[in-house]
Amino acid sequence: MKRKTTGSRVHALEPPVAKERRKQHAMDMRGKFLSIDPQSFLDTFLPINEGSGVPPSIDLKAFEPMEEIDGEREMYLPWVNCVETNNFCPGYKFVAMPDKGDRNDCRTKGRQVPDVGLYLKKDAPVDTPRWSKMALYVEFKSRKEGLKQDPFCDDPRKPFESDAEERESVRGQIIGYAEAMFSHQHRTHVFSLLVLGEHVRFIRWDRSGAIVSQLVHYVEDPEILAHFLWRFSNLAPSQAGFDLTAEEIDEESLEYHLMKSGPNDESLTEKQRQYWQESLDESWSWWKLKVGGCDCSSRASRAQVPRQNMDPKYEARDHVAATERPRYFLVGRPHFKASRLDGRGTRGYIAMDPETKKLHYLKDCWRVTLPGIQKEGDVLRALHDAKV
């Protein structure tokens, strides 16, 4: 689906707002980062799939131009050129737009955007960055200040999460970027790179926290960064973190026109119709969400919850058996969205059933799958059956 966008000449939040928000992000995620050695990171999270071919031959001087660059803003394009010249990430394109915010990021009015985003070539933006299409993000810190701004510490004698104010602020900054990707997409996890001058860290984010690699000196030893990029480019969508039960709706699709035509339910109140119209925000991606029809025990739980004067029937995604026929719901901008990265990531949608054109309230969230914890869907089912 195409979006209406406008330009922006700012690339960061207003300083007082940014400082407080980053501090809060760092506080929310305190104690939720784990360290791992770089090779184990690759082997665990970026497996080499059958049919991927052989890794590219690595020019040991691939990132040599980065040795001569001191300023952060001067790093972006040379770094991207090094990657593209060596074809480390085929099929993808790194885009640097530090002076143009994503106006579709309503909460920060486009003032939050990482230094560089990675996109499939077919999705690469040409005017403004797009959170909804970003495959991973890259945050840069200059060679001069890089390690002074490293939010993590590899010294086993010290805490992994540095508590120095500037380092904590950078940690809050990269948390905010990860949260924005989860907010604008349907994700199981997200990858990012933190480039600190001539060093880099690999990061994998999910709703429980983040796994962070130890520092890699990619200028002296470019092989492991090159392998990260090449392996990422060969991942299946689910391995790259995309939730396969969510399909983005294209502007030319039948589902898009169904949503534009509106619900077919004379019992809806004016307020309920207003909620639906407000969800059709074209600055936000629209989605077709699958509920049931698969073993979703390890994925997000979507429960169709009754709302006053709406269809009282509901289905709980984590209750539907694997053999049952799946149901689909069309959704736009969330009616409600939790703001934190960690936790259940709850979103509430005014959703349309494309078969009946009736509206439902769809709850989309992650749940803990541990022994002894009762599924929310089972509780809702029991309450419904008891006519509570």
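Quick note: the coordinates plus some simple rules give every number you see, no bench work behind them. The model shown is predicted, which means the values in this text are computed figures rather than measured ones. As a convention, Cβ positions derive from the backbone with ideal geometry for all residues, glycine included, and neighbour counts pool all protein chains shown.
Quick one: net charge of Asn86's neighbours, Cβ under 13 Å, K/R +1, D/E -1?
-3
Charge tally around Val212: other residues with Cβ under 12 Å, Lys/Arg +1 each, Asp/Glu -1 each, net 0.
Estimated from the Cβ-Cβ distance and a Förster radius of 56 angstrom, the FRET efficiency linking Asn264 and Ser57 is about 0.40.
Quick one: of the DSSP bridges fully inside region 117-227, what percent are antiparallel, nearest 5? Antiparallel bridges: around 75 percent, rounded to the nearest 5.
Counting only the Cα atoms, region 104-239 fills a convex hull of 133 Å³ per residue. When Ser169, Ser261, Ser192 are sorted by how many other C-beta atoms sit within 10 angstrom of their C-beta, beginning with the fewest, the order is Ser261, Ser169, Ser192.
Across region 203-208, rounded Karplus estimates of 3J(HN,Hα) from the backbone phi angles (6.51 cos²θ - 1.76 cosθ + 1.60, θ = phi - 60°) give 9, 10, 9, 8, 6, 9 Hz, Gly and Pro being marked x.
When both bridge partners sit in region 15-233, DSSP labels roughly 70% of those beta bridges antiparallel.
Working from label points 7 Å from Cα in the Cα-to-Cβ sense, the Leu244 to Phe336 distance is 3.1 nm. Working note: Debye formula, equal point scatterers on the alpha-carbon atoms of region 15-233, no solvent; log10 I(q)/I(0) at q = 0.07, 0.10, 0.11, 0.16 Å⁻¹ is -0.20, -0.41, -0.50, -1.16.
Lysine pair count for region 15-233 with Cα-Cα distance under 12 Å and sequence separation of 8 or more or different chains is 6.
Lys and Arg at +1, Asp and Glu at -1: add these up for the other residues within a Cβ distance under 10 Å of Glu68 and post the number.
Taking every other residue near Glu68 into account, the sum is -3.
In this simple spin-label approximation, Glu223 and Val379 carry label points 7 Å from Cα along the Cα→Cβ vector, and these lie 5.2 nm apart.
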